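Worksheet: the structure to be examined is printed underneath.
The values are calculated or read from the model by the stated rules, or taken from the named source; none is laboratory data. Note that this is a predicted model, so its numbers are computed, not measured. We place every Cβ from the backbone using ideal geometry, glycine too, and count neighbours over all the protein chains shown.
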Amino acid sequence: MGGGLAQSRERLNLRLCFLKKGRLMQESNFCSCSPAEKTLIDLGPGYYPRFLASFQCDSIPCLNPPNIICDGMTYKVQVLKSREAGDAVDHSLPDSLKAAWKFVHVPVNVGCICGV
C-alpha cells in the first residue's frame, strides 16, 4: 500500500515539475531548485552599476526528475564600463555617455534550475 502512494506522489511531483504558469511545459524544460546563497558581484569602480546580485547553486541532485543536477541559470546583464584608450565608440549609447562609457555583458546567475 505504501509503495503505491509513493509512486503516485512521484508521478505528481514529476508532472508538477513540467508545469509553469498553468500550462504543461515540454520535457526539455527543467524544474527550479532552491539557490544556496545570494551573493553580490563587485565589478569594480569602472562599472555602472558596480554591484550585481547573483545566486550560487549547490550541485546537488534534484528530487524530480531523477539523475538531474541543480545548476545556475545564467543571464547576461548589460552594464556600463569606462572606456579605455583604443576602445571603439558605442553608438548605442546617448551622446552624453559615448565619450566615457561602453556597454559590456556580464554573466550572472539569476536562479537555479534542474539541468542535465
- Condition broken by Trp101, with the remaining ones in (1) within 24 Å of the chain's Cα centre (by Cα); (2) in contact (Cβ under 8 Å) with a residue 40 or more places away in the chain; (3) surrounded by 16 or more Cβ atoms within 10 Å (Cβ to Cβ) satisfied: (1)
- Scan the strands (runs of 3 or more DSSP E) fully inside region 1-86 and keep the ones with 3 or more residues being surrounded by 13 or more Cβ atoms within 10 Å (Cβ to Cβ) and at pLDDT 85 or above. 51-56, 69-82
- Quick check: anything in region 88-98 among the hydrophobic types (A, V, I, L, M, F, W, C) and within 17 Å of the chain's Cα centre (by Cα)? no
